[in-house]
1. Would you point out which residue out of L271, L350, L299, L280 is at pLDDT 95 or above and farther than 30 Å from G77 by Cα?
2. Go through (1) within 22 Å of the chain's Cα centre (by Cα); (2) farther than 27 Å from I390 by Cα; (3) in a loop (DSSP other than H, G, I, E, B) one by one and return the number of the condition M367 breaks.
3. Under 8 Å between Cβ atoms, at least 6 apart or on separate chains: pull out the pairs that start in the range 141-162 with a residue that is free of Cβ contacts under 8 Å to residues at least 40 places away in the same chain and end on any residue that is outside any loop (DSSP other than H, G, I, E, B) and polar (S, T, N, Q).
4. Anything in the range 175-188 that is of a type outside the set (V, I, T) and crowded, with 20+ Cβ neighbours inside 10 Å? List them, or say none.
5. Pick from the range 256-307 the residues that are aliphatic (A, V, I, L, M) and closer than 20 Å to R379 by Cα: which of them is most open to solvent (accessible area, probe 1.4 Å)?
6. Which count do you get for residues in the range 133-163 that are open to solvent by 60 Å² or more (accessible area, probe 1.4 Å), closer than 29 Å to S97 by Cα and part of a helix (DSSP H, G or I)?
7. Name the residue, out of T117, T106, that is open to solvent by 20 Å² or more (accessible area, probe 1.4 Å) and in contact (Cβ under 8 Å) with a residue 24 or more places away in the chain.
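The values are calculated or read from the model by the stated rules, or taken from the named source; none is laboratory data. All values derive from a computational prediction rather than experimental measurement. Methodologically, a virtual Cβ is constructed for each residue, glycine included, from the backbone with ideal geometry; neighbour enumeration extends over all protein chains shown. Ligands, DNA and RNA are excluded from the accessible area calculation, which covers all protein heavy atoms including side chains. Shrake-Rupley method; radii C 1.70, N 1.55, O 1.52, S 1.80 Å.
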Amino acid sequence: MNVLLIGGGGREHALAWKLKQSPLLDTLYCAPGNAGIDQIAECVALDAAEHAGVIRFCRDNTIGLVVIGPEAPLVLGLADDLQAAGIKVFGPSRAASQLEGSKGFTKDLCAEYGIPTAAYARFADAGAAKAYVAKQSLPIVIKADGLAAGKGVTVAATREEADDAIDACFAGAFGAAGAEVVIEEFLDGEEASFFALVDGETALPLATAQDHKRAFDGDEGPNTGGMGAYSPAPIMTEALSAQVMNEIVMPTVRAMQTRGTPFKGVLYAGLMIKDGAAKLIEYNVRFGDPEAQVLMARLKSNLLPALLATAEGRLAGIVLDWHDNPALCVVMAANGYPGAYFTGTEIKGLDPASADPQVQIFHAGTMRDGARILANGGRVLGVTASGRDIGEAQARAYEAVDKIDWPDGFFRRDIGARALG
């Protein structure tokens, strides 16, 4: 089977690496890919926003399955147009992608179906939003309703911070994503990531993971797309995972089915854990990044049949096996990220860093310039290692990181510290 993978980040490199191991795979194409993906797949210059061109490529190259990595093409309806053209696709429809594309949509669904989450309110103008904040306790969370590349969320400790965040949204700081604002009760506790494959009716939970959102050691600095991750997450006990499936994931799957917009793809629940119970922070409708890196490192089973079964609505009976050994990923990012950063800086030492067979270096924002590898994004590499325990995986990952010669990048030194503690 020929497969087309849409995307070019660390998540897509991890998926490509795992798909490449499948005996069912003939040719793996990736659009646009990156300097790591191009070593295991044929990278093609396709614009995911140009649906007719993607469909034409699929027909010309006998694509048996399209795997859509990032959220933006899903929210823009690429899966719908592929399905309408008779092409199998892993990823939810535009309507189902509202679970990530509109925070207000998800909060309303939670309220209607009794899914545990933070108290909230939605606003389409700044005055009403500020009046609401004035009556609430602090801290409080201000979110742009739509996709804002992970930058549309403010945890405000003061009313002034909250008002500034509201003004920023309605002034266009996040484009169309800020046309509406969701204001939420602040939840404290420990965050965790929970993933399940969903075929519209059946949900198959995957291994658990936790990531590190803040830029710097000790969970300091601005929020990022993720500076590292590990799997499994010690906090996600069997009992807690069962609660998440019974009270959060399955009610969502049934709700989407009832509404006539069944969800097919991977459902990623961002959770807050406190006192042994989970509440939903928000949904994503794709694999996490960098969680995908540690999940793929631990997945023992063939990935391609599971994605195909999800697309074809026959997940019931599918079983996935996982390596017992934990995995840990350290993200190396360009100096300045998540703010302004430079691209085009050279990265050296990747070969010695990846010499250990228990280490995989997943490229996120890279490009190739002859024999040189250059940084081409904010988050640039995901150095991922396995070990007998989290401590060994951590030591192995940092040993590899220290062999990489890239003075224009930075990384956290404490990925996995929570699990070790």
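1. Answer to the check: L350.
2. That leaves (3) as the condition not met.
3. E161/T154; A162/T154
4. Result: A177, G178, E180, E184.
5. A297
6. 0
7. Among T117, T106, only T117 is open to solvent by 20 Å² or more (accessible area, probe 1.4 Å) and in contact (Cβ under 8 Å) with a residue 24 or more places away in the chain.
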